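Beneath this line is the structure, given in structure tokens, with notes to follow.
The values are calculated or read from the model by the stated rules, or taken from the named source; none is laboratory data. Predicted model, so just to flag it, every value in this text is computed and none were measured. Counting neighbours? That spans all protein chains shown, and the Cβs are built from the backbone with ideal geometry, glycine included.
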Amino acid sequence: MSKIIIKDLVKIFGDHPEKAQEMLKEGYDKDDILEKTRQTVGIFDINFSVNEGEVFVLMGLSGSGKSTLLRCVNRLIEPTSGTITIDGEDITLAEPDVIRDIRRNKVSMVFQRFALFPHRTVLDNVAYGLEIQGVPTAQRREKAAQVIETVGLKGWEYSLPDQLSGGMQQRVGLARALANNPDILLMDEAFSALDPLIRKSMQDELLSLQNTLNKTIIFVTHDLDEALKIGDRIALMNNGTIVQIGTAEDILTNPANDYVERFVEDVDKTKVLTAEGVMKAPDPVVFLKDGPHVALRRMKEHGISSIFVVTRERRLAGIVLAEDALQAVKEHREEFRNIIIEDVPKVSIATPVIDVIPVLAETKFPVAVTNDDDKLVGILVKGSVLAGMARKGDNIA
Amino acid sequence: MPKLPIGLWVEQIVAWAQVNLEGLFDFITLIIEVLVTRIETVFLTVHPLIILALVFILLWSLANPKVAIGTAIGLYLIYNMELWEASIQTLALVLAATALALLLGVPLGILTARSNLAHKLIMPLLDFMQTMPAFVYLIPAVLFFGLGQVPGLFATVVFAMPPTIRLTGLGIRQVPAQLVEASDAFGSTEWQKLTKVQIPLALPTIMAGINQCIMLSLSMVVIAAMIGAGGLGDEVLAGISRLDIAKGFEGGLAIVIMAIILDRVTQSFGERHR
Ligand SMILES: Nc1ncnc2c1ncn2[C@@H]1O[C@H](COP(=O)(O)OP(=O)(O)OP(=O)(O)O)[C@@H](O)[C@H]1O
Ligand SMILES: [Mg+2]
């Protein structure tokens, strides 16, 4: 179901948008319009919708209009024309008190430079949203303390923001946004100010939080690596409008135009990369002789939902799903027969990555990588392949 | 070109106000007199040394020991010069003037920060108020309020209020835009944004404005005494008219002591909010 629907959205900065609007319709570009009318086109011709529980990434170079678009969603910026619909309600022209209500209960925001209130403790920063809703002190502090624990900052409640590292400050930013229990999170380059290692761990954390929270997230970034890693879908923006919307695979394999192609250029160079270059070690696996009990335990240990089965010679025998293994264990069956799926997606180590992507896109299992002797030497999972490609692409370039 | 009757116009405006706003002025006079006498009686009914001790304890715990000790020495000196009563009168005037200046100045400052139009209108007016020689305010003050403490206070407020307005406005404008945006993004009302984010973050700057306001009020003490505001200003004026160096110097010294005390005390409170 579409949580957010955006139609024909335009934002023109300046006092006289009418003329600029007309010029847009006639197909003039941003620079012409700025020169002729002194009005800046922030965004135009924006159409997309975001599904419930989806992580939707807005990506593009500096000045492409990402922040402007994001701020239209909670009306921090008033759009010039077009409509924004949240949960079926058109909020484009909603009164200030309705907007306030939406900001309090439905849509929260996380900022690039954290934007924490320096005069408030971590606890009172996180409780801010509840405070302005009039929630009594004890109650809002309790709720805030809970959320602080969720983001791993227990023990820091009474510190001031500037006593915390960047990564911790952004956890506070995230906690502050989550404390209102919103359905929708708007994140504007939320991790861009963090150094690479912290950034990566924050991405992982966001993904794992998202697993349990299932929010609808619009995430702005100018980093392709980040977009590929966390986005269910990605919208590429250029010069104020969206040039392509799609999954990571769509965008990498079918760039809509030169701009997108250039953006993913580094990744594209990985056509020379093979499956071997981006695969993970085949760990864990189970042997045919092991049986459902062992398989189930390994899966539990590693927190995975399926596991490859190999013969004594490490040839690929198939894959077993956790739910099937559980069933077999319950029925006291000792063998894999009946539950092993033999028809698993597999590629050879020499397969170019670009051909791996469609295979990955079509299956819900990891993809097995086998060598010339048909032995299992690696596995491929979606996120890691795409991210790996983006990284290795940089090295090659 | 004939001389423009600018002075005459102002005279006519003042005359008009004098006739038509008499009730208002009387009302203001009454309130201020009550306010000032209250402050005076509170301080004058208690023995100076007890006040000194109380102030010392208060500052020791709220500000810092250095300020507390300095203030105690200063107050003792004033007591010793037998200028206690005059100093209390001056203090009452300064405090009342500052209170009024804050009451008017802080909201006006907030207004200039929130509205560009207000900013454009008020700023030139402040320049005018600050550069017009303070003596000039004495004339309408006397016409409106007669002689005594109230016209002194009126002239003092006009002269001392500008920095409060300016620094309040500046402090609020200086609150980082991203924090204002964050406050909006969580659904704050304008009032909540002001009281929970903007004013707390502007507080050090606002305190600097209050400090300046007090200093300027003190600088008006002698001028205000010319129209009967009394206090330490009277001592200095008497010293001048009788060419009595001793009297004039002691009165002046007491003003300086009060200035230093009030400056340090407000500054140390400003720092606490940083
Ligand atoms: N308040 C404003 N007034 C005038 N022009 C603006 C305003 N805000 C943004 N713009 C213009 O709108 C365009 C889009 O800006 P926006 O901040 O949305 O870009 P962005 O993609 O978020 O860039 P960045 O990666 O640098 O944050 C730019 O040309 C910018 O100059
Ligand atoms: Mg931006």
First in the range A:60-73 and among the basic types (Lys, Arg), second anywhere and more than 7 Å from ligand 1 (Cβ to nearest atom), Cβ under 6 Å, 6 or more apart: A:LYS66/A:LEU58; A:ARG71/A:ILE77
Go through the range A:189-218 and give me each residue that's more than 17 Å from A:GLY167 (Cβ to Cβ) and either within 14 Å of chain B (Cβ to nearest Cβ) or within 16 Å of ligand 1 (Cβ to nearest atom) (or both). A:ILE218
Note on A:LEU153: of the conditions (1) within 12 Å of chain B (Cβ to nearest Cβ); (2) in a loop (DSSP other than H, G, I, E, B), unmet is (1)
Please find, within the range A:219-230, the residue that is nearest to the other protein chains (Cβ to nearest Cβ) out of those that are touching a strand residue (DSSP E or B) at 6+ places or on another chain (Cβ under 9 Å) and within 16 Å of ligand 1 (Cβ to nearest atom). A:VAL220
Considering the range A:318-345, residues that are surrounded by 19 or more Cβ atoms within 10 Å (Cβ to Cβ) and over 34 Å from the mean Cα position of the chain (by Cα), and then whichever is modelled with the highest pLDDT, we arrive at A:ALA328
Being under 28 Å from A:ASN211 (Cα atoms) and of a type in the set (Gly, Ala, Ser) is the filter; apply it to the range A:231-246 and report the residue that is farthest from ligand 1 (Cβ to nearest atom). A:GLY246
Can you find a residue that is surrounded by 22 or more Cβ atoms within 10 Å (Cβ to Cβ), closer than 30 Å to A:VAL50 by Cα and not basic (Lys, Arg) anywhere in the range A:116-124? yes
Based on what the data block shows, is B:THR156 assigned to a helix (DSSP H, G or I), more than 14 Å from every other protein chain (Cβ to nearest Cβ) and not aliphatic (A, V, I, L, M)? yes
If B:LEU35 satisfies all but one of (1) without any contact (Cβ under 8 Å) to a residue 24 or more places away in the chain; (2) under 24 Å from B:GLY231 (Cα atoms), what's the number of the condition it fails? (1)
Right, A:ALA138: within 14 Å of chain B (Cβ to nearest Cβ) and outside any strand (DSSP E or B) or not? no
Of a type in the set (Gly, Ala, Ser), in a loop (DSSP other than H, G, I, E, B) and surrounded by 15 or more Cβ atoms within 10 Å (Cβ to Cβ) - does that describe any residue in the range A:164-184? no
Just give me the residues in the range A:118-132 being more than 7 Å from chain B (Cβ to nearest Cβ), in a helix (DSSP H, G or I) and of a type outside the set (A, V, I, L, M), in sequence order. A:ASP124, A:ASN125, A:GLU131
Of the numbered conditions (1) more than 9 Å from chain A (Cβ to nearest Cβ); (2) under 30 Å from A:LEU174 (Cα atoms); (3) not hydrophobic (A, V, I, L, M, F, W, C), B:PRO162 satisfies every one except a single condition; which is it? (2)
Can you tell me how many residues within the range A:55-66 are within 9 Å of ligand 2 (Cβ to nearest atom) and surrounded by 21 or more Cβ atoms within 10 Å (Cβ to Cβ)? 3
Residues that are in contact (Cβ under 8 Å) with a residue 60 or more places away in the chain and either over 29 Å from the mean Cα position of the chain (by Cα) or within 16 Å of ligand 2 (Cβ to nearest atom) (or both), drawn from the range A:1-29: A:LYS11, A:PRO17, A:GLN21, A:ASP29
Conditions (1) within 16 Å of ligand 2 (Cβ to nearest atom); (2) within 30 Å of A:MET202 (Cα to Cα); (3) modelled with pLDDT under 95: number failed by A:MET109: (3)
Filtered residues of the range A:349-390 (kept if over 19 Å from A:ILE251 (Cβ atoms), at pLDDT below 85 and of a type in the set (Ser, Thr, Tyr)): A:THR351, A:THR363
Across the range A:102-117, what is the number of residues that are within 7 Å of chain B (Cβ to nearest Cβ) and free of Cβ contacts under 8 Å to residues at least 60 places away in the same chain? 3
Sole exception among (1) surrounded by 18 or more Cβ atoms within 10 Å (Cβ to Cβ); (2) touching a residue at least 12 places away in the same chain (Cβ under 8 Å) for A:GLU131, by number: (2)
Checked the range A:171-205 for anything touching a Phe, Trp or Tyr at 6+ places or on another chain (Cβ under 9 Å) and under 19 Å from A:ASN74 (Cβ atoms); matches are A:GLY173, A:ARG176, A:ALA177, A:ALA179, A:ASN180, A:LEU185, A:LEU186, A:MET187, A:ASP188, A:GLU189, A:ALA190
Kindly establish whether A:GLU149 is without any contact (Cβ under 8 Å) to a residue 40 or more places away in the chain, more than 14 Å from ligand 1 (Cβ to nearest atom), surrounded by fewer than 20 Cβ atoms within 10 Å (Cβ to Cβ) and under 17 Å from A:ASP183 (Cα atoms). no
